[in-house]
Every structure is written in structure tokens, then in C-alpha cells.
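Report on one structure; see the data block that follows.
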Amino acid sequence: MTSAVSFQKVSRHFGSVRAVDAVDLDITPREFFAMLGPSGSGKTTCLRLIAGFEQPTSGSISIFGERAEGVPPYRRNVNTVFQDYALFPHLNVLDNVAYGLMVKGVGKAERHKAAEEALSLVRLPGYGARRPGQLSGGQRQRVALARALVNQPKVLLLDEPLGALDLKLRENMQEELKSLQKALGITFVFVTHDQGEALSMADRVAVFNDGKIMQIGTPEDIYQRPKTRFVADFVGSSNVLPPDFVQRYSGQHRWASLRPESIRVGRAASGEGVAARLVSTNYLGATTKLALDADGLKLHAIVPAGTALPVEGEAVVLTFNREHLHLMDEPA
Amino acid sequence: MRSDRGQSAPLGLKIAAGCGLLFLHLPILLIFVYAFTTEEKSFVWPPPGLTTQWFAVTWNRPDVWQALSLSVRVAAISTAIALILGTLCSAAVSRTKFFGRETISLLVILPIALPGIITGIALRSAFALADIPFSFWTIVLGHATFCVVVVYNNAVARFRRTSGSMIEASMDLGADGFQTFRHVVLPNIATALLAGGMLAFALSFDEVIVTTFTAGQQQTLPIWMLEELIRPRQRPVTNVVAMVVMLVTLLPILFAYYLTRDGDQIAGSGK
């Protein structure tokens, strides 16, 4: 099967800055693919390489089997939802959505009909006559989505599309995007720095750091079985345990990760385990996050709300199941 | 400091503002009055009598028409050159980063800061050095130097306020460079270009100093007026020309004012 998007040893260097460095990537058709990473990690540059706004310094990119190097953005069957939406302020909503069809020479009646349908798809029917300036942030984002989808792209690129929305709206849009993607069967490539967003929406996630992909896998893979310290720390703030510590519990001298929810916190007198001191508690609603200090090693534990908690500064004992200790590939 | 909107300004301030406006505009009215005077050798106040004969006299003077036509042609072509070069230059400076960008920006703006007399002398000696005879085109060239600045400044300001990803969005949706320019860039900078173009036209139309150095025997309208004031015959003709020119230029300036005002609202509302 041909990949929707395929990167072979793709690099994009800006002078001495290696924004994207020898990246290999295969995105399956109809997949919801997330590129996750901190800012400056190269994820947006990767997206721009797919869109055609950047050309690779070396390596090759193909989109549904066709070589993409040198092909300008307007000749790629790929559309983008921009971070700032980039709606055209001088056109009304309907003409914004119909823009892609207009430049392709589709007649007025036909393109307005298609634009109207696209607007219903994003649940904004009848908003065609308004100006982008008269819409709320969430509505603008839907218009940007409709404007991209009306061209029936093979791949839809989304550059942090939910970044500017408030929490409630963001959660709604996450669900909507996901169901839209399933219904349309289009490959979605989604850039985000929000690990929760990536894990909840994507079929597969690529974690970027310093222009390289640290790990590609399903959300569960990434979350439960991080390969490197960076992934463990960035995706869900796992506890990263040093080799010396790990050796005492698993017998192997390797880095390991331990999810904060796998740590049980007991009173100091209650027997065996890692001796630690409770530094602070952080109430999060459904759970409480505890910051702990185990002889200089800083750990986090998450316990369900309502658990009887030790007071701050008290000595505690930490226990966990050996199987929750995830050994990482990274050399010690 | 903030003042209440509903509160009226103190009387003293109102009078001062009124006096300021009168001081600015009363002399212009004086020009209008002298266009109707019966005294043709000097401007006497009050006018000894009123007549409309100078309108007919002006109409029948071929030198007026020649000067007017030259001025309009020079201004139109200088503005056209300025629109093209100014837009291209502002697009380059605001859209891309390259070595010497700030320098170019400064060099483009410099002609408007330089006294006209220096620009004039510089151009004259350059033309002489290069053996270029004075002609219609040397006037146009001289005017274009400062017309470009006006268009450039207007366009750069507008480019700065338009989102760069809009151009990418247009390309992404399938529009090539030309289509993007026509459907996205131009509509967004059109009002800025119109305002810049009008200002450039007006600057060129009443330019005296640079023109005196770059024109040969030809007379643009302002130069013709200067010459007329020295000559002791049919003086009110100058006033008639001044009055008509003012009334005719007022209309497009008002038009441009309303157009750009609306345009700013549209451009601002998108962000």
C-alpha cells in the first residue's frame, strides 16, 4: 500500500539550524496522525514540507506515491488549516470557502453550492454572508476547516488549529475533528504541542525533538512504553528513573520510566519501599498530584481525590508494581 | 488625560480652534475673491468691482492649457511609475528578509526627507553629466523620486498589517502567484495604493523646486503660475486657474478619504 505521506531521510536546514534532520516517516492513508513536540522541535517545518511552503535540503518526500520536491503548494492535493486561520478579510465567509474552487475556474453557482455544503459540514450553515471579522474564534476555525475541505484534499494538514480556542471549545472541536475525519476518510496530519490533544485524537503520534522523531507509535505505545527519557518526560510527565535506582528494583542498569499514577504513597511506618518526603500537594480536581523527594530524586505521584494524604514535609514510603517500571532503550 | 465625550470644550478653546482654522483657510478664500476682481494689474483690497470675464479669458489662453496638460501628464506617469515600483519595493521589504533590507528601506524614504532643492541640483548635474537633454521625461524622473516614497510608505504600512499566512493560504488553496496577487494581495492593499497614488499625484502636480531644475523650456502648471505672478497683465487669470484646480482636486481627495476609511475598517476587522 502506498503511504499517504512518506519522508525518506528528509532534512531541512536553515543555515546552521537543523530544523528537520534526517526524518523518516510514513503516514498511512485515512490515518489521524499527530506530530507532537515542544516549540522549535521541527514539527511545524515538517507540516510545511508536506504543504510545499518549504523544500527539503535533502531527502525525498512523496504524497500518495508522487514525488513532491519542487512541486509548488498550489499543485499539491493537500490543504492546510492555519494556526491563525488566515481567512481573507475582504471576502465574505461563502467566498472564503469557495476560494479554492474559484481559482480552479469552477462556476459561481456550483462553487457556492459546494461552499454551502462545506459550511453545513462544519455546522455553520447560513453564515455565508458574514465577514470573517464578524465571527468568533471558534467559528473562524470552522470556516478555515470548511475552506480546506471543500477542495476534497487527499491530506488535510492542521497547524495547531485548536491553540487559540478556550478549553471547553477545544474539547468540543477535538471530538468534532475526530468524527469528521472518520466520516470523510481523509488523512489528517495534526501538529500540536499539547500531549493530551495528541493522545486523545490521533491514531498514531510522532514525538519530535530537536528536528528528529524520537518515537512513532499509537498513543498507548507512546504513553505506556516511551523509548527515551525525552518522550517519557514530555508525554504525560512520567517519572524518569536513573539507572542506579532502576538496578535496585529490576536488576538491570538502564533508564526507566514510571507513571505517576503507578506510585502508591504510604505512611513511613508501613514497611518496605522507597523512603521519600512529601514536598507539596497539588489539588487537580479528580486527582491530587504529589511532589516527592526520594533522597534527592524528584518524583511525582498522582492519587485519586479523597485519598487520605500525609501532610507536607512528612516522611512517606513509596511502593509500585515491578511491571509498571518501564525500561527504556536509551543507553544508560 | 481623558475628557468626557458628552462634555463640551471650554469657550476659549473653541475660539482658539476657530481662529486657527480661519488663519489656515481665509487666505484661500481671498484667492477666490481676486478671481472676480476687475483690477488686472495688482491685487487691491477691496476689489474695485466684480466680473466673471476672467473665466472666458482663461479658457481662451493656450498657455494655460499647455501647462495644465503637461502637469496632468507628468503627474499621471510619475504616479504610475511610483505605484509599480513602490508596491514591488514594499512587498520585497515587508515579505522577505535579505541582506541590506534596512538600507534599501532607508534609501527609498530618503528623497522625501531631502530638501527639494538638493534633489533638484543633484538630478540636474546628473542629467548634465550623462548628457541627457531636458524633456518631459526628465521632469517625470524627478517627480518619481518622491512619488515612490509616498506609495511605498502607504503600501509598507498595509503589508505590515496583513497576515503573511494569507498569501500562503491562497497558494495552499490552489492559486498560483498571479491569482494570489489578483485575488488576495491587491484587494488587501488596493485602498492603501489608492491613497498613496492620490498623494503622489497631488505632490507631483504642485511641485515647483525639483521641476525648475529638471524641466527645460516646458512649464508645468505651478511654474506657469509663478511666471504669471511676475507679469503685470491679466493677473486674475492665475486666480481663476488656482480656483478651478482646487475645486477639481478636492473631489477625488474626498473620495479617497472615504474609500480608505472604509477599507481600514475591513482590513482591521479580519484580525
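Details
- Cα gyration tensor shape of the stretch A:28-119, rounded if a/c is under 1.5, else prolate or oblate by comparing a/b with b/c: prolate
- For B:L88 and A:M1, a Förster radius of 60 Å and the Cβ-Cβ distance give a FRET efficiency of 0.80, rounded to the nearest 0.05.
- Fraction of beta bridges assigned by DSSP in the protein assembly as shown that are antiparallel (%, nearest 5): 70 percent
- Value of Rg to Rh for the stretch A:66-224 (Rh from inverse mean 1/r over Cα pairs, i.e. Kirkwood): 0.99
- When the stretch A:237-327 is reduced to its Cα atoms, the Kirkwood hydrodynamic radius in Å: 13.3 Å
- Computed log₁₀ I(q)/I(0) - Debye formula, equal Cα scatterers, no solvent, the protein assembly as shown, q 0.08, 0.11 Å⁻¹: -0.80, -1.10
- For A:V316, the residues whose modelled amide H falls within less than 5 Å of its own, excluding neighbours fewer than 5 places apart on the same chain, are A:A276, A:R277, A:L278.
- Over all projection directions, the Cα-based convex hull of the stretch A:1-56 averages an area of 4.1 nm².
- Counted charge near A:R67, where neighbours are those whose Cβ lies closer than 13 Å (Asp, Glu -1; Lys, Arg +1): 0
- Taking 0.36 nm per residue of separation and subtracting the current Cα-Cα distance, fully stretching the chain between B:A56 and B:H25 would add 8.5 nm.
- Degrees, to the nearest 10: A:108-121 long Cα axis against longest axis of chain A: 20 degrees
- Among residues other than A:L292 with Cβ under 15 Å from its Cβ, the summed charge is +1 (Lys and Arg +1, Asp and Glu -1).
- B:A76-B:I117 FRET efficiency (beta carbon distance; Förster radius 30 Å; 0.05 resolution): 0.75
- Kyte-Doolittle at least -0.5, axis length at least 18 Å by Cα - qualifying DSSP helices, chain B: B:11-34, B:62-95, B:101-113, B:116-129, B:136-161, B:186-205, B:236-269
- Largest-first principal axis extents of the Cα set of the stretch A:126-168 (Å): 30, 28, 15
- A:R12 long-range amide H proximity, modeled H, under 5 Å: A:A19, A:V20, A:D21, A:A22, A:T57
- Per-bin percent of Cα-Cα distances, the stretch B:1-131 [10 Å]: 8, 16, 21, 22, 23, 8, 1
- Of the GluC sites (Glu not before Pro) found in the stretch A:221-317, those that fall in a DSSP loop while having at most 10 other beta-carbon atoms within 10 Å are A:E272.
- Reachable lysines, given that their alpha-carbon falls under 21 Å from the alpha-carbon of A:K43 and they are not under 8 places away in the same chain: A:K9, A:K154, A:K178, A:K212, A:K227
- Cα Rg, Dmax (largest Cα-Cα span) when computed across chain A, Å: 23.6, 80
- Spatially, the stretch A:186-245 and the stretch B:161-180 are offset by 33 Å when compared through their Cα centroids.
- Pairwise Cα distances in chain B exceed 23 Å for 65 percent of all pairs.
- Across the stretch A:237-327, Cα pairs under 8 Å and at least six residues apart give a relative contact order of 33 percent.
- Normalised alpha carbon radius of gyration of the stretch B:103-143 [divisor 2.2 N^0.38 Å]: 1.26
- Restricting the stretch A:39-139 to trypsin sites (Lys or Arg not before Pro) that sit in a DSSP loop and have at most 14 other Cβ atoms within 10 Å of their own Cβ leaves A:K104, A:R123.
- Pairwise FRET efficiency - B:A9 versus B:L247, Cβ, R0 = 25 Å, nearest 0.05: 0.20
FYI, it's all coordinate maths here, none of it is from the lab. Please read all numbers here as calculations on a predicted model, not as lab measurements. Counting neighbours? That spans all protein chains shown, and the Cβs are built from the backbone with ideal geometry, glycine included.
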